């Protein structure tokens, strides 16, 4: 048995579970998923856990808030298979995703700052008469011109649900009221930042639900808070994982090397 067992420290699944608010079955499931190292068995087939498993469980639970359950599972499985390079790669990917999310937030904030008041164009063009248009509204051509895009792009955004123009009751032409112009401008700013339409859609929905841009300040503060919490959670997870790697070495586990990975 491992050195921990020789020192007399033996834990049942329920003992390991109790200190972390888990069920004994959850601990067994974690072992089967590779999150915990394989436990020794008594002659009667009962699992015997050690302090190594305690540290492993603590590391996993600390990794989850920052990396998510799936990635935390993969990290622990890689470590337990001796593939620390793979574990570090997964951690790097999570940090890269966090950085990308921060850049997205910065782009959203920049786009909102750039949304100054827009002058409503005189409704109507040679192809789109102004008959029956809403006061202050503008047609697709003038709006596309002010944004520096093609009318076809506005129609594409409309199909994606990002912009919702009204329709002139007499001519059927699209009429962009203040809200539609706002959505078009916000979409345009985010597209210039390189963001795909599907990533823009949730923000546009939040703007509409909030009733405008100003109420989004609370949403953005919450967003900042969530990103900061993830960053701190990653630091905590890294510290606990380092403790587990150190414990594995003290427990005489196989060297953490890519060549020792279990197929």
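The values are calculated or read from the model by the stated rules, or taken from the named source; none is laboratory data. This one's a predicted model, so the numbers in the text were calculated from it and none came from an experiment. Methodologically, a virtual Cβ is constructed for each residue, glycine included, from the backbone with ideal geometry; neighbour enumeration extends over all protein chains shown.
Below are the figures for this structure:
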item: Output for the range 165-181, where each listed residue is surrounded by fewer than 17 Cβ atoms within 10 Å (Cβ to Cβ) and either out of contact with any helix residue (DSSP H, G or I) (no Cβ under 9 Å at 6 or more places or on another chain) or in a helix (DSSP H, G or I) (or both); result: 167, 169, 170, 171, 172, 178, 179
item: Among (1) over 29 Å from residue 65 (Cα atoms); (2) more than 24 Å from the chain's Cα centre (by Cα); (3) at pLDDT below 85 - the single one residue 181 does not satisfy; result: (3)
item: Candidate set from the range 20-63 (those that are touching a strand residue (DSSP E or B) at 6+ places or on another chain (Cβ under 7 Å) and farther than 20 Å from residue 75 by Cα); member that is modelled with the lowest pLDDT; result: 42
item: Output for the range 33-50, where each listed residue is surrounded by fewer than 17 Cβ atoms within 10 Å (Cβ to Cβ) and either part of a loop (DSSP other than H, G, I, E, B) or touching a residue at least 60 places away in the same chain (Cβ under 8 Å) (or both); result: 33, 38, 42, 43, 44, 45, 46
item: Residue tally, condition within 23 Å of residue 199 (Cα to Cα) and touching a residue at least 24 places away in the same chain (Cβ under 8 Å), over the range 157-179; result: 9
item: Residue in the range 135-154 that is farther than 30 Å from residue 37 by Cα, within 22 Å of the chain's Cα centre (by Cα) and either in the same structural domain as residue 189 (by TED's automatic domain parsing) or modelled with pLDDT of 85 or more (or both) present; result: no
item: Boolean, residue 13 is at pLDDT 95 or above and either more than 26 Å from residue 231 (Cβ to Cβ) or surrounded by fewer than 17 Cβ atoms within 10 Å (Cβ to Cβ) (or both); result: no
item: Exclusive hit being at pLDDT below 75 and either surrounded by fewer than 18 Cβ atoms within 10 Å (Cβ to Cβ) or on the phi < 0 side of the Ramachandran plot (or both), set 158, 122, 109, 93; result: 122
item: Filter result for residue 222 (in contact with a strand residue (DSSP E or B) (Cβ under 7 Å, 6 or more places away or on another chain) and either modelled with pLDDT of 85 or more or not assigned by TED's automatic domain parsing to the domain that holds residue 82 (or both)); result: no
item: Filter result for residue 184 (touching a residue at least 24 places away in the same chain (Cβ under 8 Å), within 21 Å of residue 105 (Cα to Cα) and either part of a helix (DSSP H, G or I) or touching a strand residue (DSSP E or B) at 6+ places or on another chain (Cβ under 8 Å) (or both)); result: yes
